[in-house]
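Here is the structure we will look at, set down as structure tokens.
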Amino acid sequence: MDWSRIKTIFILTFLVLDIYLMYEFFTLKDSSQYEYITETSLEKKLQAAEIEYKELPKNHTKDMYLSAKPKNFNNELIESLEKTKLKGQDLEVSTDNALKSILDKPYDLKDKFEVADVNSFVKNNVLNGDQYRFWKKEGSTIYYYQQFNDKVFYHNNNGQLAIYLTEENDIASYRQTMLEDIEEISKEEKIIQPLKAIEALYENNSLEPKSKITKVELGYFTFDQTSTTQVLTPAWRFVIEDKEDLFVNAFEGQVFQLNTEDKNIVE
């Protein structure tokens, strides 16, 4: 056995491996420095525009597309529901396939409106109530949207709960739509980070100079849909001055333009 030759082969092999590892190290180092420089320049640009924001989320780096189907409410289902926690409610299916409920007796809320009080009603008196998250109160109507893995389906009329109050601010009835067969339909992909999404809003003139971003979170927005199914994409939600909502596709970075139908919550 030619040990001298084998020794030479080992030396050459480790030399090639060292060169490759050094290449990978410097590539990652340069990439990291580039990302840092880019982030710093973005921060300076937004600072110059006097756009304010608190500490941005850093716990989301990858996500997936989802598919879902609108739930088909029917009379057979209603008959079964009236024997569950939905008893004491007059149920019917509306023409647009939403479940409508009128309570036999209004549900008392505290004089001072508290989300936790309404959450208790939703959890104990609405089908799959724990899948919905409070969105807003507007006049005598309280709105919730469905969520998946603690992420809200933004402006989704097929996953919405509208609760109607009496003049005494007690719950009298509600209207519910629901998405079901929710599935992850892609591999995990890298998403853009909030700072980059803020830049997209600013470059799109959706975010005015001197704006104050009061909340940032990741959820899902309808990307494509048919009459029987829809595809949802991860989306960043930015709340401006606790009033206005802006959304950015977390995969592609484009700003979602809400049309009239999206802005109007179905009642």
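The values are calculated or read from the model by the stated rules, or taken from the named source; none is laboratory data. Predicted, not measured: the structure shown is a model, and the values here were computed from it. Note that each Cβ is placed from the backbone with ideal geometry, even for glycine, and that neighbours are counted across all protein chains shown.
Restricting to the range 210-246, count the residues that are in a strand (DSSP E or B), basic (K, R) and exposed (fewer than 15 other Cβ atoms within 10 Å of the Cβ).
2
Among the residues of the range 124-131, are any touching a residue at least 24 places away in the same chain (Cβ under 8 Å), among the β-branched types (V, I, T), under 30 Å from G253 (Cα atoms) and not assigned by TED's automatic domain parsing to the domain that holds P194?
no
Let me confirm something: among S173, S206, which residue is in a loop (DSSP other than H, G, I, E, B) and either surrounded by fewer than 21 Cβ atoms within 10 Å (Cβ to Cβ) or of a type outside the set (D, E) (or both)?
It is S206.
Quick check on the range 186-197. Is at least one of its residues surrounded by fewer than 13 Cβ atoms within 10 Å (Cβ to Cβ), under 30 Å from I78 (Cα atoms) and not polar (S, T, N, Q)?
No, the range 186-197 contains no residue that is surrounded by fewer than 13 Cβ atoms within 10 Å (Cβ to Cβ), under 30 Å from I78 (Cα atoms) and not polar (S, T, N, Q).
In the range 184-203, how many residues are among the aliphatic types (A, V, I, L, M) and either touching a residue at least 60 places away in the same chain (Cβ under 8 Å) or assigned to a loop (DSSP other than H, G, I, E, B) (or both)? Steps first, answer last, please.
From the range 184-203, those among the aliphatic types (A, V, I, L, M) are 185, 191-192, 195, 197-198, 200-201; that's our starting set.
When the remaining residues are screened for being either touching a residue at least 60 places away in the same chain (Cβ under 8 Å) or assigned to a loop (DSSP other than H, G, I, E, B) (or both), the result is 185, 191-192, 195, 198.
Selection size over the range 184-203: 5.
Among D117, D181, D104, D150, which is free of Cβ contacts under 8 Å to residues at least 24 places away in the same chain, within 29 Å of D63 (Cα to Cα), of a type in the set (D, E) and surrounded by fewer than 19 Cβ atoms within 10 Å (Cβ to Cβ)?
Values: D117 fails: within 29 Å of D63 (Cα to Cα); D181 fails: free of Cβ contacts under 8 Å to residues at least 24 places away in the same chain; D104 fails: within 29 Å of D63 (Cα to Cα).
Going through D117, D181, D104, D150 in turn, just one is free of Cβ contacts under 8 Å to residues at least 24 places away in the same chain, within 29 Å of D63 (Cα to Cα), of a type in the set (D, E) and surrounded by fewer than 19 Cβ atoms within 10 Å (Cβ to Cβ): D150.
Kindly establish whether L86 is part of a loop (DSSP other than H, G, I, E, B), closer than 14 Å to Y174 by Cβ and without any contact (Cβ under 8 Å) to a residue 60 or more places away in the chain.
It is true that L86 is part of a loop (DSSP other than H, G, I, E, B), closer than 14 Å to Y174 by Cβ and without any contact (Cβ under 8 Å) to a residue 60 or more places away in the chain.
If I ask for residues that are farther than 22 Å from R237 by Cβ and acidic (D, E), which ones from the range 51-100 would you list?
Within the range 51-100, E76, E79, E82, D90, E92, D96 meet the criteria.
Residue by residue, here is whether (1) closer than 22 Å to K54 by Cβ; (2) of a type in the set (A, V, I, L, M, F, W, C) holds:
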| site | (1), (2) |
| --- | --- |
| I102 | no, yes |
| Y107 | no, no |
| V122 | no, yes |
| H155 | no, no |
| S173 | no, no |
| L195 | yes, yes |
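When the residues of the range 66-97 are narrowed to those that are hydrophobic (A, V, I, L, M, F, W, C) and closer than 20 Å to I182 by Cα, which ends up surrounded by the fewest Cβ atoms within 10 Å (Cβ to Cβ)?
L77
Those residues that are under 19 Å from T177 (Cα atoms) and assigned to a strand (DSSP E or B), I need them from the range 98-107; list them, please.
L99, K100, S101, I102, L103
Going through the range 108-160 one residue at a time, which ones are of a type outside the set (F, W, Y), outside any loop (DSSP other than H, G, I, E, B) and under 21 Å from E183 (Cα atoms)? Working first, answer last.
Here is the first cut: in the range 108-160, the residues of a type outside the set (F, W, Y) are 108-112, 114-120, 122-131, 133, 136-142, 146-147, 149-152, 155-160.
With outside any loop (DSSP other than H, G, I, E, B) added as a condition, the list becomes 115-120, 122-125, 129-131, 133, 136-138, 141-142, 146-147, 151-152, 160.
Answer for the range 108-160, where residues must be of a type outside the set (F, W, Y), outside any loop (DSSP other than H, G, I, E, B) and under 21 Å from E183 (Cα atoms): G129, D130, Q131, R133, Q146, Q147, K151, V152, Q160.
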